[in-house]
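Nothing in this text is a laboratory measurement; each read-out follows from the coordinates by a stated rule. These figures come from a predicted structure and were not determined experimentally. For neighbour counting, all protein chains shown are included, and Cβ atoms are generated from backbone atoms with ideal geometry for every residue, glycine included.
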Amino acid sequence: MGTINSAFSLMSQALDADQSALNIVANNVANASTPGYTEETASWQENQPLEIGGSSYGTGATVTGATSVRDKVLTERLDQQQQLASASSARLTALNSIQALFTPDTGSTSSTAGDIGSDITSLFSSFSSLETNPSNNSDRQAVLSAAKTLAGDISGAADSLNSQRSALDQEASGVTSQVNSLTSSIAQLNLQIQSTSPDADAGTLEDQRQQDISQLSQLIGINQVTTENNGLEITTTTGQLLVSNGTSTQMTTGTVNGVTDFFLGGTDITSQLASGGGELGGYLTARDQDIPNVLQSLDQLAYGVSTEVNSLNNAGTDYDGVEGTGTNSAGVTGTGTTPLYIFNEPTEVAGSAAAMSVAMTDPNQIAAAGFGQGTGDNSNATAMASLASSTSVSLNGQTAINYYSNFVSTLGSTVSQAQTENTAQTASVTQLQTQNDALSSVNLNDEASAMTTMERSYQAASQVFAMLNTIMASALNLGEQSTVS
Amino acid sequence: MEELGGRGVHPALKELVAEASQALARLDADRLEELALSCQILNRDLAPGEAGNRAELACQAREATGDMAVFARVLEATRANLNVMSRLRELRAGRLEYGGSQGRMWTRMENGHGDN
């Protein structure tokens, strides 16, 4: 009787275990489309065998719970790659906007930053025309008009770049609240996981935490360190603590030199975040490196053209016979009291592009003639026309048009590199995501197969149970006449 | 082999490096082999006595500095990815096991079902 009872107990446990396993399969199927859900499998445990009279009798197995099918090394690598891809994507978007600014708009009737190259050519061409006919008023007007167009396009480009920088600053600033919300959520989940599942995979809670980490990885660069009792510590890529088990440190912002800086525990971590990755890294790289580099080149162009043109015009005689205050190539200084400047004279390179404008309003002040020559002389106009092919120290030893051409080419190269990097990093994310999906996503075919296996197992246990019942009935009726005996 | 936009007698180094970055990220072994052949051509052209070609290659190398930096970053990422993937393959093959539950998941289909 004892043996039959043991067999009953064993089959009862088998039925329970199969039922539990079936529930896990059902839960997988129900969550097959739930974002972030990780497939679970039943964890089987062999029961302690019974020792009777020196013989060992098996007591079956039980399902101790569900285990998520995840690989932490893979998910962490996926998070790292996501940080790189997000950073390159955010930077590429910003660079494309910058490049669009310097692309000629063939459909537009008004001049824009994309026309700066042709504006430079037009300005020097207008000096050539004036050289041919220095007394012609319309040629003088054409010089001022070309100068205004060039100045307007360069200062317009600088304004647009500053606007793009402000927009990036706002985008970057907006990331802070999302980061703080996610780190708070991860800290809370850490507490729940540590209290409910300190020694094993925490299933859904761990899925939620992983989803938060994935989202955080899209925003900023992070490092993850697993701590005791299934806890997690998250730092920035340079080691500043964001989450330590149940505690999160909130990131704050402040305005420094006109832009938003990011602080953690009172420390300014802006430059670390820029190189760390995530959208924020991309925004900050574009805001603090790419746009300032472009602005600096534009400033240098504006400074070079303005000072070179002003210097030559101030070393000549205007149409009213007034001499400038400058010194010509022969070492002769003009007798004038007021400088004859076409452009507003910049005092330093920084800010020259945004401030570039035409100061001269009277076309007669264009000094086509040299010092001591009649107003019909064209020697100074010739010198100004030759600026088209003259190299300038202010422009790194290049002509203005070559300087601009190289600037556009360098910008294009930077965009091309960013595009290549983004394509490559995104492809890497896809590969890792595919691996992770193959491992952790619910495969309905596998679930169907597992369900069939569990059902058969359940049916087999039921059959054995029925047979035991019959045997038990026979044993109880031993010695009595019955249909069983 | 696909045509690489070239300058003079050489395939442009800049484009070659950029293509290599993309092929590496796609784990496109065939394309990488083709690009390796292009590199061999570049190396061959560095033979002594061809000063003109050497100067042009030096110029191209300077222009490709940024693309090479990108290639280095993609290479680093790909290496890290491959390490993870080969580790996964080892786990699947059962040659590597860490953590009780982690090891079990690879052999779950072979496990008993508690009906014994």
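Quick notes on this structure:
- Packing-based exposure ordering (other Cβ within 10 Å, fewest first) of A:GLU279, B:GLU63, A:GLU51: A:GLU51, B:GLU63, A:GLU279
- Helical content alone sets the calculated 222 nm signal of the protein assembly as shown at -20000 deg cm²/dmol, taking -39,500 (n - 2.57) per DSSP H segment of four or more residues and averaging over every residue.
- Proximal charge balance of A:THR317 [Cβ under 12 Å; K/R count +1, D/E count -1]: -4
- Take every Cα pair under 8 Å whose residues are at least 6 apart in sequence, average their separation, divide by the length of chain A, and the relative contact order is 21 percent.
- Dipole of region A:197-297 [Lys/Arg +1, Asp/Glu -1 at C-beta], most positive-end residue of A:GLN296, A:VAL225, A:LEU241: A:GLN296
- Summed side-chain charge close to A:SER111 - residues other than A:SER111 whose Cβ falls under 10 Å, Lys, Arg +1, Asp, Glu -1: -3
- Projected label distance in nm at A:ASP362 and A:ASP268, using a 7 Å step from Cα toward the beta-carbon: 4.9 nm
- Put in order of Cβ neighbour count within 10 Å, fewest first, the listed residues A:VAL349, A:VAL69 become A:VAL349, A:VAL69.
- Less than 5 angstrom separates the built amide H of A:ASN223 from those of A:THR235, A:THR236, A:THR237, all sequence-distant by 5 or more or on a different chain.
- Computed from phi, the 3J(HN,Hα) profile of region A:343-355 under the Karplus parametrisation 6.51, -1.76, 1.60 (θ = phi - 60°) reads 9, 4, 6, x, 9, 8, 5, 4, x, 5, 5, 5, 8 Hz, with x in place of Gly and Pro.
- Relative to the longest principal axis of the Cα atoms of chain A, helix A:291-313 runs at roughly 0 degrees.
- Amide H to amide H distances under 5 Å link A:ILE269 with A:PHE262, A:PHE263, A:LEU264, where only residues 5 or more positions off or on other chains count and H is placed in the peptide plane.
- Shielding value for A:14-21 is 2, the average number of Cβ atoms from other chains within 10 Å of each residue's Cβ.
- Tilt relative to chain A, helix A:116-132 - C-alpha long axis, 0 to 90 degrees, to 10: 10 degrees
- Here the protein assembly as shown is treated as an ellipsoid with the same Cα gyration tensor; its semi-axes, largest first and in whole Å, are 78, 26, 18.
- Cβ-to-Cβ counts within 10 Å put B:ASP28, A:ASP288, A:ASP207, A:ASP320 in ascending order as A:ASP320, B:ASP28, A:ASP288, A:ASP207, the fewest first.
- Net charge of neighbours whose Cβ lies under 15 Å from the Cβ of A:GLN224, counting Lys and Arg as +1 and Asp and Glu as -1: -3
- On the principal axes of its alpha-carbon atoms, region A:270-420 has extents of 66, 26, 25 Å, going from largest to smallest.
- Put a dot 7 Å past the Cα of A:THR132, heading toward its Cβ, do the same for A:GLU345, and the two dots end up 3.3 nm apart.
- Cα long-axis angle, helix A:137-196 against chain A (0 to 90 degrees, to the nearest 10): 20 degrees
- Cut-off under 5 Å, modelled amide H: who pairs with A:THR41 long-range: A:THR67, A:SER68, A:VAL69
- Fully extending the segment from A:MET451 to A:TYR57 would add 139.0 nm, taking 0.36 nm per residue of separation and subtracting the current Cα-Cα distance.
- Of A:PRO104, A:ILE24, A:SER55, farthest towards positive along the dipole that unit charges on Lys, Arg, Asp, Glu beta carbons give region A:9-147: A:PRO104
- Positive end of the dipole of chain A (Cβ unit charges, origin at the Cα centre): among A:GLN178, A:ASN445, A:SER135, the Cα lying farthest that way belongs to A:SER135.
- Inter-label distance, nm, simple model (7 Å from Cα along the C-beta direction), A:ASN406/A:THR34: 6.1 nm
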